[in-house]
Amino acid sequence: EKHLVLLRDGRTLIGYLRSIDQFANLVLHQTVERIHVGKKYGDIPRGIFVVRGENVVLLGEIDLEKESDTPLQQVSIEEILEEQRVELQAKQESEKLKVQALKARGLSVPRADTLDEY
């Protein structure tokens with residue numbers, strides 16, 4: 001059965017579940033990493049994928065009959081990666097402007113890379 005796995009870092013994996021244990025460690029076969037940007041998506045083939053259970057946010061079975069009824073448009077890997085890069089760049093610029101506005105008002109915001117992940 002085909003499954004969708006959402007990881008803690010935001011990645012989405014789709015593949016056939018081959019194994020699971022008591023810690024929710026997963027082994028996926030014929031896995032693709034699906035990247036969504038707006039109304040478009042692209043699939044990057046990843047093959048056999050082992051996921052440590054602590055990184056699993058969501059695991060769900062995909063209804064194969066409804067899978068093709070998506071309003072999203074599939075595009076090439078290169079195109080989706082470029083769109084993802086542009087979206088990330090725009091997000092970083094927006095964050096930069098927010099930080100500058102807060103600094104102008106005398107407030108300081110801790111940088112995300114200095115905070116603990118947990």
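Descriptive notes on the structure:
- Protein accessible area in the chain, 1.4 Å probe - carbon and sulfur %: 52
- Were the residues from His36 through Ala90 laid out at 0.36 nm apart, the gain over their Cα-Cα distance would be 17.9 nm.
- Here the sum of -39500 (n - 2.57) over DSSP H runs of 4 or more residues, divided by the residues of the chain, equals -8500 deg cm²/dmol at 222 nm, to the nearest 500.
- Relative contact order of the chain: 22 percent, from C-alpha pairs under 8 Å at least 6 residues apart in sequence.
- Heavy-atom accessible surface of the chain, averaged per residue, reaches 76 Å², computed with a 1.4 Å probe.
- As computed over the chain, the Cα convex hull volume per residue (Å³): 132
- Cleavage-rule hits, GluC sites (Glu not before Pro), segment 1-96, DSSP coil, Cβ neighbours within 10 Å at most 10: Glu1, Glu65
- Of the trypsin sites (Lys or Arg not before Pro) in segment 22-118, the ones in a loop by DSSP (not H, G, I, E or B) with at most 13 other beta carbons within 10 Å are Lys39, Arg52, Lys66, Arg105, Arg111.
- Estimated at 0.36 nm per residue, the fully extended path between His29 and Gln74 surpasses their Cα-Cα distance by 14.1 nm.
The values are calculated or read from the model by the stated rules, or taken from the named source; none is laboratory data. Bear in mind that the values here come from a model prediction, so they are computed numbers and not experimental data. Heads up, the Cβs are rebuilt from the backbone with ideal geometry, glycines too, and the neighbour counts pull from every protein chain shown. Accessible surface is based on the protein model in full, side chains and every heavy atom, while ligands, DNA and RNA are left aside. Shrake-Rupley method; radii C 1.70, N 1.55, O 1.52, S 1.80 Å.
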